């Protein structure tokens, strides 16, 4: 296996890592996502990381970022602890299924299907606005539902390389009637064991640039709490509008990959 070429450790390298981390942390706290959708493309574009090294470095940086986010949301009781663990368990298993299916399915078709899903979510966010008081309670119905959601999240993560928060947050809002704050806090908690597990595997395969991961992760910690406080301060409808704009950005990224993938065939 060839080792990825790593950029030189210059002042620019560390400055870019700090800048990427600050932006990723803000997005993570504001939307309840890991920040990989910001970290990976910027590391590839600005520092010349290859896709695999960028993804592995991003996953390692998500561990401290998500931890700070969880603490910030948990202070006000906006984390559903047991549901998050059920989601994480499902996601870990689902990721194995996703990576197994990866060579068997058309990536282009999968990407377009996911873009369609995101567009449906974007429209729904303008009509479904759960109360800020809505909780995520475990019942005989929601428990298996959360496990299924975790598996689906893991499969899509393995197939498309998307972070779990992009799927979990809107699913908790639309299908479980959870408040946006609980959805975001729970999503961040779910990511931690998944990111730790993935990072251990990536370290064994030398797919993590540790200095970059530390720099991005620590910088992200400085703004994750800021993002979470903004999320708490804004009106739920405004929060949905902001999240929908973020999803448009993600959908456009995936659509570009789908177009490029079709042209490369």
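The values are calculated or read from the model by the stated rules, or taken from the named source; none is laboratory data. Quick caveat: nothing in here was measured; it's all calculated off a predicted structure. We place every Cβ from the backbone using ideal geometry, glycine too, and count neighbours over all the protein chains shown.
If residue 208 meets every condition in (1) surrounded by 22 or more Cβ atoms within 10 Å (Cβ to Cβ); (2) in a helix (DSSP H, G or I) apart from one, which number is that one? Result: residue 208 fails condition (2) only. Under 14 Å from the mean Cα position of the chain (by Cα), surrounded by fewer than 24 Cβ atoms within 10 Å (Cβ to Cβ) and closer than 14 Å to residue 35 by Cα - does that describe any residue in segment 190-201? Checking segment 190-201: at least one residue is under 14 Å from the mean Cα position of the chain (by Cα), surrounded by fewer than 24 Cβ atoms within 10 Å (Cβ to Cβ) and closer than 14 Å to residue 35 by Cα.
Tally time: how many residues in segment 105-151 are in a helix (DSSP H, G or I) and in contact (Cβ under 8 Å) with a residue 12 or more places away in the chain?
Summing the residues that are in a helix (DSSP H, G or I) and in contact (Cβ under 8 Å) with a residue 12 or more places away in the chain in segment 105-151 gives 21.
Out of 157, 183, 222, 213, one residue alone is surrounded by fewer than 19 Cβ atoms within 10 Å (Cβ to Cβ), touching a residue at least 12 places away in the same chain (Cβ under 8 Å) and touching a helix residue (DSSP H, G or I) at 6+ places or on another chain (Cβ under 7 Å). It is 222.
Restricting attention to segment 127-152, the residues that are at pLDDT 90 or above and within 25 Å of residue 37 (Cα to Cα) total 7. Residue pairs whose Cβ atoms lie under 9 Å apart, separated by 6 or more positions or on different chains, with the first residue in segment 37-56 and on the phi > 0 side of the Ramachandran plot and assigned to a helix (DSSP H, G or I) and the second buried (at least 16 other Cβ atoms within 10 Å of the Cβ) and modelled with pLDDT of 85 or more, do not occur. Of the residues making up segment 1-34, those that are within 12 Å of residue 54 (Cα to Cα) and at pLDDT below 95 number 4. The selection criterion, being within 21 Å of the chain's Cα centre (by Cα) and crowded, with 21+ Cβ neighbours inside 10 Å, does not hold for residue 19.
The set of residues in segment 70-104 being assigned to a helix (DSSP H, G or I), modelled with pLDDT under 95 and farther than 19 Å from residue 146 by Cα consists of 99, 100, 101, 102, 103, 104.
Looking across segment 228-257 at every residue that is surrounded by fewer than 19 Cβ atoms within 10 Å (Cβ to Cβ) and within 15 Å of residue 109 (Cβ to Cβ), the one that is modelled with the lowest pLDDT is identified as 257. Given the structure, is residue 65 touching a helix residue (DSSP H, G or I) at 6+ places or on another chain (Cβ under 6 Å), modelled with pLDDT under 90 and assigned to a helix (DSSP H, G or I)? Considered against the rule, which asks whether it is touching a helix residue (DSSP H, G or I) at 6+ places or on another chain (Cβ under 6 Å), modelled with pLDDT under 90 and assigned to a helix (DSSP H, G or I), residue 65 comes out as no. Which of the residues that make up segment 175-204 are outside any helix (DSSP H, G or I) and under 14 Å from residue 150 (Cα atoms)? Selection gives 176 alone.
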